[in-house]
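Here's the structure, in structure tokens; my notes come after.
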Amino acid sequence: MRIFVLGNAHRQGVVEAAAELEPFLRQHAEVVVYDLHYRESLIDRFADITLVLGGDGAILRAARHMGYHQFPVLGVNLGTLGFLADLTVEQLCSCFPLVAQGNYRVTNHVMYECLLEGPEGTRTFLGLNEVTIQTGPPFHFVSMELLVDGEAVASYGGDGLIISTPIGSTAHSLSAGGPILGQELPAFVITPVCPHTLTNRPVVESADRVYAITIRRSSGEAALVIDGRQEVLPVTDRHRITVRRAPVHFGLVKVPGHSYYQTLRDKLHWGTPPQYRGDG
């Protein structure tokens, strides 16, 4: 098996954990790339899986670093929550010999392309979690118009708007009141952030449609945020933001004994009943 080893060297404990794991990994696999700073080009490189050390942010960065040549990711959590990176170092050491023998499965997930068109030209960003348009200082009201496949759908006024993939539905969108989606659904979630109305609610739509957003009015500065601050760019009413399904998928390595619903229960305490007095 050939692997990439990527990670966030700036997170506490990642460099030390990587140094301890490296001899073990090389016993069971060929390490093609070992890069904890995302400096090496992965063009013309091939791996069966990409091992990412850090947290969910490290996985988002790894997905962007791989670009349009995605390889399935196995995440090791050295961060806080670790929703995507759900293995501990101990669990990795236990399961990796089996993984190296092919005892794993890969789930495929929607990625997006975000096009930012404005006076400066057009820029394209590849992402995995979400696109957010939100106000900046002095954090006033922003008004936006959403079109889907060219049809005017809704006007939103409030603190912002999130367009999220199913992977991202348990991140910023969830905290803004959006629904949890099955991670393999080919869909996007449109979630208003603090809408100034009683009628705007989150909507789930097909990932095969094209979403365009224009800013109609903003009392202060607004920003386009890609994947939780992986990219932050100022936007005005002279910009147009388009979100569409990317031509590549993100692959997530699943090892025996780990599932999406288990992660929801363990990490977010989803489906956990209240602890009433007298329950022990």
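The values are calculated or read from the model by the stated rules, or taken from the named source; none is laboratory data. It should be emphasised that the depicted structure is a prediction, and the values quoted were computed from it without experimental measurement. A quick note on method: Cβ atoms are made from the backbone with ideal geometry, for glycine too, and the neighbour counts reach across all protein chains shown.
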Selection from region 166-191 of residues that are free of Cβ contacts under 8 Å to residues at least 24 places away in the same chain and exposed (fewer than 15 other Cβ atoms within 10 Å of the Cβ): Ser175
What number goes with the only condition from (1) of a type outside the set (A, V, I, L, M, F, W, C); (2) closer than 25 Å to Thr263 by Cα; (3) modelled with pLDDT of 95 or more that Glu151 does not pass? (2)
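Quick one: how many residues across region 201-221 are in contact with a strand residue (DSSP E or B) (Cβ under 7 Å, 6 or more places away or on another chain) and more than 19 Å from Ala154 (Cα to Cα)? Lay out the reasoning, then the answer.
Step one: filter region 201-221 for residues in contact with a strand residue (DSSP E or B) (Cβ under 7 Å, 6 or more places away or on another chain), giving 202-218, 220-221.
Add one more test, that the residue is more than 19 Å from Ala154 (Cα to Cα), and what stays is 220-221.
The number of residues fulfilling the criteria is 2.
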Test Val243 against the stated conditions and say whether it is under 15 Å from Val110 (Cβ atoms), of a type in the set (Val, Ile, Thr) and touching a helix residue (DSSP H, G or I) at 6+ places or on another chain (Cβ under 7 Å). no
For region 234-268, name all the residues that are hydrophobic (A, V, I, L, M, F, W, C) and surrounded by 15 or more Cβ atoms within 10 Å (Cβ to Cβ). Val235, Ile241, Val243, Ala246, Val248, Phe250, Leu252, Val253, Val255, Leu264
Any residue in region 30-59 that is in the same structural domain as Gly168 (by TED's automatic domain parsing) sitting within a Cβ distance under 9 Å of a residue that is part of a strand (DSSP E or B)? List the pairs, counting only those 6 or more apart or interchain. none
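Just for region 69-83: of the residues that are in contact with a Leu (Cβ under 7 Å, 6 or more places away or on another chain) and not β-branched (Val, Ile, Thr), which one is nearest to Asp48 (Cα to Cα)?
Step one: list which residues in region 69-83 are in contact with a Leu (Cβ under 7 Å, 6 or more places away or on another chain), which gives 69, 72-78.
Cutting the leftovers down to not β-branched (Val, Ile, Thr) gives us 69, 72, 74-75, 77-78.
Numbers: His69: 12, Pro72: 7, Leu74: 11, Gly75: 14, Asn77: 20, Leu78: 22 Å.
Applying the filter and picking the extreme gives Pro72.
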Return a yes/no flag: does region 192-204 have any residue that is of a type in the set (Ser, Thr, Tyr) and surrounded by 16 or more Cβ atoms within 10 Å (Cβ to Cβ). no
Answer from Asp48, Asp44 - the residue that is over 22 Å from Gly228 (Cα atoms) and either of a type in the set (Ser, Thr, Tyr) or surrounded by 14 or more Cβ atoms within 10 Å (Cβ to Cβ) (or both): Asp48
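Listed here are the residues, each with its yes/no results for (1) closer than 27 Å to Arg61 by Cα; (2) in contact with a Lys or Arg (Cβ under 6 Å, 6 or more places away or on another chain).
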position: Glu151; (1), (2): no, no
position: Ser155; (1), (2): no, no
position: Ser164; (1), (2): yes, no
position: Thr170; (1), (2): yes, no
position: Glu184; (1), (2): yes, no
position: Thr191; (1), (2): yes, no
position: Val204; (1), (2): yes, no
position: Val210; (1), (2): yes, yes
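Suppose we keep only residues that are of a type in the set (Gly, Ala, Ser) and under 14 Å from the mean Cα position of the chain (by Cα) within region 170-181. Which one would you say is farthest from Arg265 (Cα to Cα)?
Our first condition is that a residue be of a type in the set (Gly, Ala, Ser); within region 170-181, this holds for 171, 173, 175-178.
Among the residues that remain, those that are also under 14 Å from the mean Cα position of the chain (by Cα) are: 171, 173.
Details: Ala171: 15, Ser173: 18 Å.
Result: Ser173.
Assess whether Leu53 counts as being under 19 Å from Val248 (Cβ atoms) and either among the basic types (Lys, Arg) or within 22 Å of the chain's Cα centre (by Cα) (or both). Don't jump to the end; show me each part of the working.
Working: under 19 Å from Val248 (Cβ atoms): no; either among the basic types (Lys, Arg) or within 22 Å of the chain's Cα centre (by Cα) (or both): yes.
Here the answer is no, as Leu53 does not meet what is asked.
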